[in-house]
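Structure first, commentary second.
Nothing in this text is a laboratory measurement; each read-out follows from the coordinates by a stated rule. Every value quoted in this text rests on a predicted model; they were computed, and no experiment measured them. Cβ coordinates were reconstructed from backbone atoms using ideal geometry, including for glycine residues, and neighbour counts include every protein chain displayed.
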Amino acid sequence: MVHSGESNRARALAGEFQRHFDVEPDGVWRAPGRVNLIGEHLDYNNGLVLPFAIDRSAMVAVRLVPDREESDLTSTWIDPRTGEPARARLVVRDVQPGSVSGWASGPAGVAWALEQAAGVHVPAFELMLDSNVPVGSGLSSSHAVEVAVAMALNDLTNAGLSRRDLARVTQRAENEFVGAPTGIMDQSASLLATSGHAALLDCRTLEVEHIPLQLAEAGLRIVVVDTCVAHSNDDGGYAARRAACERGAAALGVESLGDLPVDADISDLDEATLPRVRHVLRERARVDAGVEHLRAGRWAELGKELTESHNSLRDDYQVSCPELDVAVERMLGAGALGARMTGAGFGGSAIGLVPADDLESVKVEVLAAFDERGWQSPRLFTVLPGPGASRVG
Ligand code: GAF
């Protein structure tokens, strides 16, 4: 169920669309960002991951304009360079990989990938975007936009693709059009997760088991610390980690690291590859253990797996940064049962599994730690497991 705040947002967005384009949209669609509880950098290794959809989302109001040659995209987001709402115009027949940059490349890439996958023609469209997933926060803000657009264009062109198909479409848009070599976790979480649950996702098959995540009942909260260190998945670090995993798999004679037993002997790997592969295998074991702890309500034990995951991402996978490490340390010091970076890393957000009574001291401690170091103040907020993507107007 979409809560009333989101219905109000959808109505407001439809109103904005009408004021801007002087006509009603064909509809409004929303797609949430995600927090990955555990299972980091496993999706492109065909592993199991445990994300949940958060109660923050991207929304798009869309109208097809088949008689026009140009799509017209705008956003409620004010571009700081121009002081105006971000805007883009795209000539439909020229939309090809490499032809669009900036924020419009996601929506354009989705239109392109949907045409390839479903064999439909996606005509020109008018689109207005609104999102409350902080951009660059590692909470999958760009995938949320892409999924919302994929849902809209799938409905409006009667392409008839399933949610799993749409996950593959948005991944293709991201990989081949936007140029970021990301896996399939984020869009799958946005499309397949359900309210009140974490989604145990098999990244090979996209099968999902929904596991109750009853935080409030356990007196717990998930705190997000958005470090405001902007992260990006297309600047080399992410691709280098992927390449190391592929190198490791080839050296060990398997197609992907998901094909190895978690206790495989990896001691013959070269010293650059070994720690990356070690992270992947141990993280797979941590997901298995974490899921069992979650099912049994062993929150403290789940918390320990989260913290171990962070240590491994920091030391073996080397995708953390000082801001994430300090956020994790301070959350743990102030009472969190566990804490870790979430998402690709290199900036973005950390999460903490925090008893409700310790929420205030966690906030105070983290803010003080950033202040002491002269770092930009992080944004702290709690998130709940919300519903997956849907049409809302
Ligand atoms: C980013 C990517 F988009 C995901 O596919 C995943 O690899 C994640 O980093 C790391 O687990 O969010």
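Quick notes on this structure:
- With Cα atoms defining each centre, region 148-186 and region 291-352 are spaced 29 Å apart in the structure.
- Think of it as helices only: each DSSP H run of n ≥ 4 in the chain is worth -39500 (n - 2.57), and spread over all residues that comes to -12000 deg cm²/dmol at 222 nm.
- Size of charge dipole - region 215-383 - debye, nearest 20, with Cβ of Lys, Arg +1 and Asp, Glu -1, no other charges: 280 debye
- Compactness relative to 2.2 N^0.38 Å, alpha carbon Rg of region 309-393: 1.19
- When only the Cβ of Lys, Arg, Asp and Glu is charged (+1, +1, -1, -1), the dipole of region 1-62 relative to its Cα centre reaches about 160 debye.
- Kirkwood Rh in Å, taken over region 349-393 so that all alpha-carbon pairs contribute: 12.9 Å
- Environment charge at residue 188 (Cβ cut-off 11 Å; Lys +1, Arg +1, Asp -1, Glu -1): 0
- The P(r) of region 1-118 has a tail past 24 Å containing 43 percent of all C-alpha pairs.
- In this structure, the amide hydrogen of residue 221, modeled 1.01 Å from its nitrogen in the peptide plane, lies closer than 5 angstrom to those of 354, 356, counting only residues at least 5 positions away or on a different chain.
- Protection-proxy order for peptides 361-372, 299-310, 35-46, each taking the mean of Cβ atoms within 10 Å per residue, highest first: 35-46, 299-310, 361-372
- In summary, region 215-383 shows an alpha-carbon radius of gyration equal to 1.10 times the 2.2 N^0.38 Å reference for compact globular proteins.
- Extreme residue, positive dipole direction of the chain, given options 346, 99, 33 (C-beta unit charges): 33
- Dipole axis of region 215-383 (+1 Lys, Arg; -1 Asp, Glu on Cβ), positive-most option in 272, 324, 252: 324
- Mean separation of Cα pairs under 8 Å and 6 or more residues apart, divided by the residue count, gives region 215-383 a relative contact order of 34 percent.
- Over region 166-258, all Cα pairs binned in 5 Å intervals from 0 give whole-percent P(r) values of 3, 11, 14, 16, 20, 18, 11, 5, 2, 0, listed from short to long.
- Placed amide H near residue 197: partners under 5 Å, 5+ positions off or other chain: 213
- Legend: P(r) of region 76-197 from all alpha carbon pair distances, 5 Å bins from 0, whole percents, reading 2, 11, 22, 25, 21, 12, 5, 2, 0.
- For the chain, a crude dipole built from +1 on the beta carbon of Lys and Arg and -1 on the beta carbon of Asp and Glu, taken about the Cα centre, is about 500 debye to the nearest 20.
- Sequentially through region 298-314, phi angles give Karplus couplings (6.51, -1.76, 1.60; θ = phi - 60°) of 8, 5, 5, 5, 4, x, 5, 5, 4, 5, 4, 4, 4, 4, 5, 5, 6 Hz, Gly and Pro residues having no value and appearing as x.
- In the chain, the longest principal axis of the Cα atoms and the axis of helix 237-251 are about 60 degrees apart.
- DSSP beta bridges fully contained in the chain are about 95 percent antiparallel.
- The chain, relative contact order in percent, only Cα pairs under 8 angstrom and at least six apart counted: 23 percent
- Largest-first principal axis extents of the Cα set of region 125-165 (Å): 33, 25, 10
- Within the chain, the proportion of C-alpha pairs whose separation exceeds 26 Å stands at 52%.
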